[in-house]
1. Being acidic (D, E) and touching a strand residue (DSSP E or B) at 6+ places or on another chain (Cβ under 8 Å) narrows it down to one of D318, D365, D384, D377, so name that one.
2. Within segment 45-66, how many residues are over 23 Å from I145 (Cβ atoms) and assigned to a loop (DSSP other than H, G, I, E, B)?
3. Restricting to segment 354-364, and then to whatever is closer than 28 Å to T343 by Cα and out of contact with any Leu (no Cβ under 6 Å at 6 or more places or on another chain), can you tell me which residue is surrounded by the most Cβ atoms within 10 Å (Cβ to Cβ)?
4. Could you please tell me which pairs satisfy a Cβ distance under 7 Å, a separation of 6+ or placement on different chains, a first residue in segment 367-379 that is not assigned by TED's automatic domain parsing to the domain that holds Q159, and a second residue that is of a type in the set (D, E, K, R) and surrounded by 19 or more Cβ atoms within 10 Å (Cβ to Cβ)?
5. Output yes when any residue across segment 339-359 is touching a residue at least 24 places away in the same chain (Cβ under 8 Å) and assigned to a helix (DSSP H, G or I), and no when none is.
6. Of all residues in segment 24-46 being in contact with a strand residue (DSSP E or B) (Cβ under 9 Å, 6 or more places away or on another chain) and on the phi > 0 side of the Ramachandran plot, which is modelled with the lowest pLDDT?
7. Suppose the filter is of a type in the set (A, V, I, L, M), surrounded by fewer than 21 Cβ atoms within 10 Å (Cβ to Cβ) and modelled with pLDDT under 90; does A250 pass it?
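The values are calculated or read from the model by the stated rules, or taken from the named source; none is laboratory data. Everything quoted here is computed from the prediction, not taken from an experiment. Backbone-built Cβ (ideal geometry, glycine too); neighbour counts: all protein chains shown.
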Amino acid sequence: MTRVAYIDATAGIAGDMCLGALLDCGLRLDVLEGVARGLDLGDLRVQAERVMKGPIAATKVDVVFHGEPIVGAGDTHSHHDGHAHRTLADVLELLSRLGDLDQGPLAHARRAFELLAEAEGRVHGKAPADVHFHEVGAADALVDIAGTCIGLAALDVEQVFVSALPWSTGTVEAAHGTMALPAPATAYLMEGFPTTGTGEAFEQVTPTGAALVRALAETGASLPAFTPEAIGFGAGTHPGGRLPNVVRIAIGEAAEAAPAEDDVIELATNLDDATAQVTARALEQVMSAGALDAWIVPATMKKGRAGAVLHVLAEPADVARIESILFAETPTLGVRRHASRRTVLARRHESVETPWGAVRMKVRDTPGGPEATPEHDDCRDLADAHGVALRKVIEAAQRAWSGA
């Protein structure tokens with residue numbers, strides 16, 4: 001049995017709306033209060049109340065800073081908390097303060113902000129590290145994203161699915177001025193996910209909502225048959241349009257972890273005049289840019305010279321960006337594309353304790369049951385820090401996960 005969450009974003013999705021829906025599903029408010037305290041940004045608190053959004057009773061969540069709710073047009077278009085113009089490094093440092101809560105969910109939160117930085121960078125022509133977050137660097141966005149990831153884990157959710165995302169029209173006021181909807185960064189984050197036109201002229205998908213979807217749910221993943229055990233409604237700030245401004249989350253047990261299917265693109269390029277250092281650098285760069293996988297195969301080229309074929313597996317939305325990296329980092333004259341449909345096992349991260357510290361485990365649901373592999377980087381860092389053999393850390397993590 002696999003515990004799943006289905007996010008019904010038909011009427012919209014934002015970070016604060018997700019928090020409200022999770023509370024409605026049974027999440028304890030003190031979990032979110034712990035996130036706010038852990039960020040150590042001063043007098044930061046979380047409050048929740050039951051509200052009516054049209055005919056639907058829902059839970060509305062506000063992040064309160066020095067006694068005043070951080071409010072605005074949406075969860076990311078709000079009054080700043082005094083330190084809102086943060087870089088990605090600043091945000092990741094703040095998230096690291098929550099390390100005592102759970103490393104698995106925090107990996108999703110970090111990924112959400114990395115995706116936001118990549119999207120903002122594409123909008124403004126900057127590297128992700130050079131992006132200065134405005135609204136999404138504010139305290140409420142930090143609580144919204146980290147709280148959603150940690151809240152799902154607290155409710156024992158192992159896999160997340162999402163409905164088609166609403167594509168609204170109109171404009172929104174943001175730090176960079178008036179933007180067409182969906183906001184540019186939000187639109188980039190929605191790449192690869194099904195959408196539906198709504199005709200609404202207000203922001204139905206916010207940047208944090210889109211980043212959470214992209215970090216937590218797989219593009220093209222089909223919702224398996226499941227038994228709903230809790231259903232919650234989270235209220236947004238906008239009055240709504242033809243539909244009440246709420247997100248609905250259903251949590252329950254799937255009969256089995258059915259492998260998901262999705263469409264991917266395999267890129268390949270022949271390299272007969274690139275050094276090993278150049279190809280290794282290209283591989284590192286495409287993986288950093290979001291490639292699903294990348295590998296190098298030795299080959300004998302047409303004139304009998306030794307060469308290599310660089311392969312990259314990518315989501316369709318990422319192909320153009322990854323191709324540009326291949327052209328920039330290698331001397332290739334062309335990149336081939338092959339469309340493929342793959343079957344993917346459900347996977348997640350769990351954290352275990354070893355005598356030297358916490359290690360994240362990559363857990364995959366196989367037909368024969370769950371299997372786990374320790375994250376190599378975690379094990380290596382602990383081995384270096386404590387002067388123990390790497391294999392001892394790996395073995396300890398495997399024993400901790402299996403309960404041996």
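1. On the way: D318 fails: touching a strand residue (DSSP E or B) at 6+ places or on another chain (Cβ under 8 Å); D384 fails: touching a strand residue (DSSP E or B) at 6+ places or on another chain (Cβ under 8 Å); D377 fails: touching a strand residue (DSSP E or B) at 6+ places or on another chain (Cβ under 8 Å).
Of D318, D365, D384, D377, the one residue that is acidic (D, E) and touching a strand residue (DSSP E or B) at 6+ places or on another chain (Cβ under 8 Å) is D365.
2. The total comes to 2.
3. Step one: filter segment 354-364 for residues closer than 28 Å to T343 by Cα, giving 359-364.
Going one step further and asking which of them are out of contact with any Leu (no Cβ under 6 Å at 6 or more places or on another chain), we end up with 359-363.
Working: V359: 26, R360: 21, M361: 23, K362: 14, V363: 18.
Within segment 354-364, the match that is surrounded by the most Cβ atoms within 10 Å (Cβ to Cβ) is V359.
4. Between residues of segment 367-379 that are not assigned by TED's automatic domain parsing to the domain that holds Q159 and residues that are of a type in the set (D, E, K, R) and surrounded by 19 or more Cβ atoms within 10 Å (Cβ to Cβ), the close pairs are E375/R360; D378/R360.
5. Of segment 339-359, the ones touching a residue at least 24 places away in the same chain (Cβ under 8 Å) are 339-346, 348-359.
Applying the additional criterion that residues be assigned to a helix (DSSP H, G or I) yields none.
No, segment 339-359 contains no residue that is touching a residue at least 24 places away in the same chain (Cβ under 8 Å) and assigned to a helix (DSSP H, G or I).
6. G42
7. Working: of a type in the set (A, V, I, L, M): yes; surrounded by fewer than 21 Cβ atoms within 10 Å (Cβ to Cβ): yes; modelled with pLDDT under 90: no.
No.
Residues are listed down the side, and each one gets a yes or a no for (1) closer than 18 Å to P298 by Cβ; (2) not aliphatic (A, V, I, L, M):
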site	(1), (2)
G236	no, yes
P239	no, yes
R242	no, yes
R248	no, yes
I251	no, no
L271	yes, no
A274	yes, no
T279	yes, yes
